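The values are calculated or read from the model by the stated rules, or taken from the named source; none is laboratory data. Given the structure is predicted, the values throughout are model-derived calculations rather than measurements. So basically every Cβ, Gly included, is an ideal-geometry build from the backbone, and we count neighbours across all protein chains shown. Just so you know, the surface numbers come from the protein's heavy atoms only, side chains and all, with ligands and any DNA or RNA stripped out. Shrake-Rupley method; radii C 1.70, N 1.55, O 1.52, S 1.80 Å.
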Amino acid sequence: MREYDDRQIGDALKRSFHPVNTELGRDLWPQVLRKLDDRPVRVPWYDWALVALSAAMFLAFPRLILVFVYHL
C-alpha cells in the first residue's frame with residue numbers, strides 16, 4: 001500500500017511541475033576567472049590581529065606550540 005502511495009505522489013509531483021532545462025546557455029568558467037582576476041585579495045584587520053596575538057602567545061608561552069601542533 002505504501003509503495004503505491006509513493007508512486008502516486010511521485011506521479012502527481014511530476015504532473016504539477018514543468019520540466020527544467022538543465023543545459024547551460026553558455027560557458028561560465030571564463031566569467032569566474034574574470035571575476036577572480038578583478039577582485040584583489042584583501043586580508044581583514046582582524047586576521048592580522050589574530051596572527052599577532054598567536055605570535056605573542058607563542059613567544060610568551062613556548063609550550064603552546066606543542067599543544068597547537070598536537071591538535072593539528
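Summary of computed values
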read-out: Accessible-area composition of the chain, carbon plus sulfur, in percent [1.4 Å probe]; value: 65 percent
read-out: Degrees between helix 2-16 axis and first principal axis of the chain (Cα, 0 to 90, nearest 10); value: 90 degrees
read-out: Residue-normalised accessible area of the chain, given per residue in Å² at a 1.4 Å probe; value: 108 Å²
read-out: Rg/Rh for the chain, where both radii come from Cα atoms and Rh is the Kirkwood radius; value: 1.44
read-out: Hz values of 3J(HN,Hα) by residue in the range 23-38 - Karplus curve (6.51, -1.76, 1.60), Gly and Pro given as x; value: 7, 7, x, 7, 7, 8, 4, x, 5, 5, 4, 5, 5, 5, 6, 6
read-out: Exposure of D27 as accessible area (Å², to 10), given a probe of 1.4 Å and all protein chains; value: 110 Å²
read-out: CD proxy at 222 nm, helix term only [per DSSP H run n ≥ 4: -39500 (n - 2.57); per residue of the chain; nearest 500]; value: -22000 deg cm²/dmol
read-out: Debye, to nearest 20: dipole size of the range 25-72, +1 on Lys, Arg Cβ, -1 on Asp, Glu Cβ; value: 60 debye
